[in-house]
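Engineer: Let me give you the structure first, and then I'll get to my questions.
The values are calculated or read from the model by the stated rules, or taken from the named source; none is laboratory data. It should be emphasised that the depicted structure is a prediction, and the values quoted were computed from it without experimental measurement. All Cβ positions, glycine included, derive from the backbone under ideal geometry; neighbour counts span all protein chains shown. Surface areas here come from the heavy atoms of the whole protein model, side chains and all, with no ligands, DNA or RNA. Shrake-Rupley method; radii C 1.70, N 1.55, O 1.52, S 1.80 Å.
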Amino acid sequence: MIMFNKKTHLIYNTMEKLTLFILSIVAVAVIAFFGCKEKAPEKEIKPFVSEVVHPEWTRNAVIYEVNTRQFTPEGTFKAIEAHLPRLKELGVDILWFMPINPIGIKNRKEPLGSYYSVKDYLDVNPEFGKLEDFRVLVAKAHELGFHVIMDWVPNHSSWDNKLTVEHPDWYVKDAKGSFIPPIGFDWTDVIQFDWAKQGLQDYMIDAFKFWVNLGVDGFWQDHPEARAELNKIRPVFMVAENESNHDFMKKGFDMNYAWELHHLMNSVAQGKDSVTALGKYFRKEKAVYPPNVYRMVFMDNHDENSWNGTINSRLGKAQYAFAVFTFTVKGVPLLYNGQEAGLAKSLRFFERDTIKWDTARFTPFYKSLIKLKKGNLALWNGEAGGTMDSIKTNHENRVFAFYREKDNNRVVVFLNLRNKDVRIKPGLENIKGDYTEYFTGEKAAFPLTDSLNLEPYGYRVYIR
């Protein structure tokens, strides 16, 4: 069985007798280093109910992805420590570390290899430092109020992982009994696990426990049964990169990637899709996802930056408006490391390519957006936050307008997503009141007595 999910690993399963639980695990991959070139065919989606209770500290959280290899000139855990106060001032809450495990040597890709070719699930890449260095980094992050989650790779390992010797039966094999990479992709540096094996499932849960006991607060992975076991230690935050399998979100996971929305943002910015497509997307999401489920919204991550270009190349002049979008629509925002510094290059994946921190031109902007999200209850995550409703205008093919509301908190957003001035007459009768424009401090009373002018890719955010 082969299932496709854009920007994630594509996992195959040859065991037709597997239970639905096993199929759900191997059907999806964790964080991938390549994205498929063609968009997967859409499946019929149906409403579902989630029983997940989110950790309290996720209610208004913003996630920050850390690529240890590229984050500092040293590329080490110790070097990251000096950045923690800066990240605290920026306002992010959850530090998501790309895989930190040792990388396999056999069949390695290029000099340093892929983070997703795991040689040992219970240790760290010596390129980054020692296990104790990571433990100290996690402890210092906790002291500053951060929570730390790890990118986990449960579906395949390196060719020289010790499990290939100790438990060769835990792997999928070809007709000759040889280990094989995931079929159909150039992932020659990894070999596929066989998740029909109960021993493998137990091993992975024990490995999760090892890291939770070390201080880690959650995982970016696709293993639905792990959560119940880990919550016995303390509440964890579980993130699935998968978007298509909603069974993951019913019990095991707090959040999944909003990949469809991400690609739609790029497409709208490039003029390939109408602005009205955004409204259609959110109507569909509202019909399918229960209010308590988290969706991760983002303009960049390691996959997009390394393989599909920078924010500037994909979103161009619309990037400011879409940044406002990601911090005000329903969802949990993600910042990729360097995004606050205006990361202007695609970081090389298999070798050192340090982020340049010599500019902070986007830092005040993102800091203000994070402050906005945290400061207004209407923008909080899941059920802790407010509803989201559209606002009709006379230029819906250019302007995306909506408001969020929770108790006495309200945020009204207008985004001009085209490169032309536009004057709009929004329908605001149902949200009457006095507001303050967040970025300028100007006062406004709704409904407006005159039309509202938006410059090319302009944005207005009114709060009360």
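Engineer: Return yes or no: is Tyr403 among the hydroxyl-bearing types (Ser, Thr, Tyr), in a loop (DSSP other than H, G, I, E, B) and buried (at least 20 other Cβ atoms within 10 Å of the Cβ)?
Structural biologist: Numbers: among the hydroxyl-bearing types (Ser, Thr, Tyr): yes; in a loop (DSSP other than H, G, I, E, B): no; buried (at least 20 other Cβ atoms within 10 Å of the Cβ): yes.
For Tyr403, the condition - among the hydroxyl-bearing types (Ser, Thr, Tyr), in a loop (DSSP other than H, G, I, E, B) and buried (at least 20 other Cβ atoms within 10 Å of the Cβ) - is not met.
Engineer: If you don't mind, another one. Does the stretch 298-311 include one or more residues that are hydroxyl-bearing (Ser, Thr, Tyr) and open to solvent by 10 Å² or more (accessible area, probe 1.4 Å)?
Structural biologist: Initial filter on the stretch 298-311 (hydroxyl-bearing (Ser, Thr, Tyr)): 306, 310.
Imposing the further condition that a residue be open to solvent by 10 Å² or more (accessible area, probe 1.4 Å) reduces the set to 306, 310.
Yes, because at least one residue in the stretch 298-311 is hydroxyl-bearing (Ser, Thr, Tyr) and open to solvent by 10 Å² or more (accessible area, probe 1.4 Å).
Engineer: Quick one: Ala61 ticks every box in (1) open to solvent by less than 10 Å² (accessible area, probe 1.4 Å); (2) part of a helix (DSSP H, G or I); (3) within 19 Å of Arg227 (Cβ to Cβ); (4) at pLDDT 90 or above except a single one, so which number is it?
Structural biologist: (2)
Engineer: Does Lys425 meet the test of being over 26 Å from Val268 (Cα atoms) and either among the acidic types (Asp, Glu) or open to solvent by 40 Å² or more (accessible area, probe 1.4 Å) (or both)? Outline the logic, then answer.
Structural biologist: Working: over 26 Å from Val268 (Cα atoms): no; either among the acidic types (Asp, Glu) or open to solvent by 40 Å² or more (accessible area, probe 1.4 Å) (or both): yes.
No; evaluated as a whole, the condition is false for this residue.
Engineer: Oh, and also: Given the criteria open to solvent by less than 70 Å² (accessible area, probe 1.4 Å), of a type in the set (Ser, Thr, Tyr) and under 18 Å from Tyr320 (Cβ atoms), does Tyr459 qualify?
Structural biologist: Values: open to solvent by less than 70 Å² (accessible area, probe 1.4 Å): yes; of a type in the set (Ser, Thr, Tyr): yes; under 18 Å from Tyr320 (Cβ atoms): yes.
Spelling it out, Tyr459 is indeed open to solvent by less than 70 Å² (accessible area, probe 1.4 Å), of a type in the set (Ser, Thr, Tyr) and under 18 Å from Tyr320 (Cβ atoms).
Engineer: Moving on to the next point. Could you check Asn242 against (1) of a type outside the set (A, V, I, L, M); (2) open to solvent by less than 50 Å² (accessible area, probe 1.4 Å); (3) more than 17 Å from His54 (Cβ to Cβ); (4) outside any loop (DSSP other than H, G, I, E, B) and say which number it fails?
Structural biologist: (4)
Engineer: Is it the case that Ser157 is of a type in the set (S, T, N, Q), at pLDDT 95 or above and under 21 Å from the mean Cα position of the chain (by Cα)? Spell out the reasoning first.
Structural biologist: Details: of a type in the set (S, T, N, Q): yes; at pLDDT 95 or above: yes; under 21 Å from the mean Cα position of the chain (by Cα): no.
No; evaluated as a whole, the condition is false for this residue.
Engineer: Also: Name the single residue that is nearest to the chain's Cα centre (by Cα) among those in the stretch 82-109 being of a type in the set (Val, Ile, Thr) and surrounded by 22 or more Cβ atoms within 10 Å (Cβ to Cβ). Give the steps one after another, and end with the answer.
Structural biologist: Start the filter on the stretch 82-109 by keeping residues that are of a type in the set (Val, Ile, Thr), which leaves 92, 94, 100, 103, 105.
Applying the additional criterion that residues be surrounded by 22 or more Cβ atoms within 10 Å (Cβ to Cβ) yields 92, 94, 100, 103.
Numbers: Val92: 14, Ile94: 11, Ile100: 17, Ile103: 23 Å.
For the stretch 82-109, the residue satisfying everything is Ile94.
Engineer: Could you please find all residues in the stretch 439-464 being closer than 23 Å to Ile370 by Cβ and of a type outside the set (Lys, Arg)?
Structural biologist: In the first step, residues of the stretch 439-464 are kept if they are closer than 23 Å to Ile370 by Cβ; the result is 439-442, 457-464.
Those that are closer than 23 Å to Ile370 by Cβ and of a type outside the set (Lys, Arg): Phe439, Thr440, Gly441, Glu442, Tyr457, Gly458, Tyr459, Val461, Tyr462, Ile463.
Engineer: Separate question: When the residues of the stretch 363-400 are narrowed to those that are in a loop (DSSP other than H, G, I, E, B) and within 20 Å of the chain's Cα centre (by Cα), which ends up nearest to Gly104 (Cα to Cα)?
Structural biologist: To start, the set of residues in the stretch 363-400 that are in a loop (DSSP other than H, G, I, E, B) comprises 376, 380-381, 385-386, 391-398.
Remaining after also requiring within 20 Å of the chain's Cα centre (by Cα): 380-381, 385.
On the way: Trp380: 41, Asn381: 38, Gly385: 43 Å.
For the stretch 363-400, the residue satisfying everything is Asn381.
Engineer: Could you list, in sequence order, all residues of the stretch 224-259 that are in contact with a Phe, Trp or Tyr (Cβ under 9 Å, 6 or more places away or on another chain) and farther than 19 Å from Pro291 by Cβ?
Structural biologist: The answer is Pro224, Glu225, Ala226, Arg227, Glu229, Leu230, Pro235, Val236, Glu241, Asn242, Ser244.
Engineer: Is it true that Gly271 is outside any helix (DSSP H, G or I), of a type outside the set (Asp, Glu) and at positive phi?
Structural biologist: Numbers: outside any helix (DSSP H, G or I): yes; of a type outside the set (Asp, Glu): yes; at positive phi: yes.
Yes; evaluated as a whole, the condition is true for this residue.
Results for (1) of a type in the set (Val, Ile, Thr); (2) free of Cβ contacts under 8 Å to residues at least 60 places away in the same chain; (3) not in a loop (DSSP other than H, G, I, E, B), shown as yes or no for each residue.
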site	(1), (2), (3)
Arg410	no, yes, yes
Phe414	no, yes, yes
Lys420	no, yes, no
Thr436	yes, yes, yes
Ala444	no, yes, yes
Asp450	no, yes, no
Asn453	no, yes, yes
Tyr457	no, no, no
Val461	yes, no, yes
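Engineer: Among the listed residues Leu122, Leu112, identify the single one that is buried (at least 16 other Cβ atoms within 10 Å of the Cβ) and among the hydrophobic types (A, V, I, L, M, F, W, C). Explain how you work it out, then say what you get.
Structural biologist: Numbers: Leu122 fails: buried (at least 16 other Cβ atoms within 10 Å of the Cβ).
Unique residue meeting the criteria: Leu112.
Engineer: Would you mind telling me which numbered condition in (1) open to solvent by less than 10 Å² (accessible area, probe 1.4 Å); (2) hydroxyl-bearing (Ser, Thr, Tyr); (3) more than 30 Å from Asp189 (Cα to Cα) Tyr336 fails?
Structural biologist: Failing condition for Tyr336: (3).
Engineer: Then there is this: Of all the residues that make up the stretch 125-154, how many are open to solvent by 60 Å² or more (accessible area, probe 1.4 Å) and among the hydrophobic types (A, V, I, L, M, F, W, C)? Let's see the steps before the verdict.
Structural biologist: Looking only at the stretch 125-154, we keep the residues that are open to solvent by 60 Å² or more (accessible area, probe 1.4 Å), and these are 126, 130, 132, 135, 140, 142-144.
When the remaining residues are screened for being among the hydrophobic types (A, V, I, L, M, F, W, C), the result is 144.
The total comes to 1.
Engineer: Got a number for residues in the stretch 198-239 being more than 24 Å from Val49 (Cα to Cα) and not β-branched (Val, Ile, Thr)?
Structural biologist: Within the stretch 198-239, the subset more than 24 Å from Val49 (Cα to Cα) is 198-217, 233.
Adding the requirement that they be not β-branched (Val, Ile, Thr) leaves 198-204, 206-211, 213-215, 217.
Selection size over the stretch 198-239: 17.
Engineer: Out of all the residues in the stretch 406-422, which are more than 24 Å from the chain's Cα centre (by Cα) and within 23 Å of Met296 (Cβ to Cβ)? Lay out the reasoning, then the answer.
Structural biologist: If we filter the stretch 406-422 for residues that are more than 24 Å from the chain's Cα centre (by Cα), which is where we start, we get 406-410, 412, 414, 416, 418-422.
Hits for the stretch 406-422 are Lys406, Asn409.
Engineer: So if I check each of Pro182, Pro235, which one is open to solvent by 30 Å² or more (accessible area, probe 1.4 Å) and part of a loop (DSSP other than H, G, I, E, B)? Before you say what the answer is, go through the steps one by one.
Structural biologist: Details: Pro182 fails: open to solvent by 30 Å² or more (accessible area, probe 1.4 Å).
After ruling out the rest, the residue left standing is Pro235.
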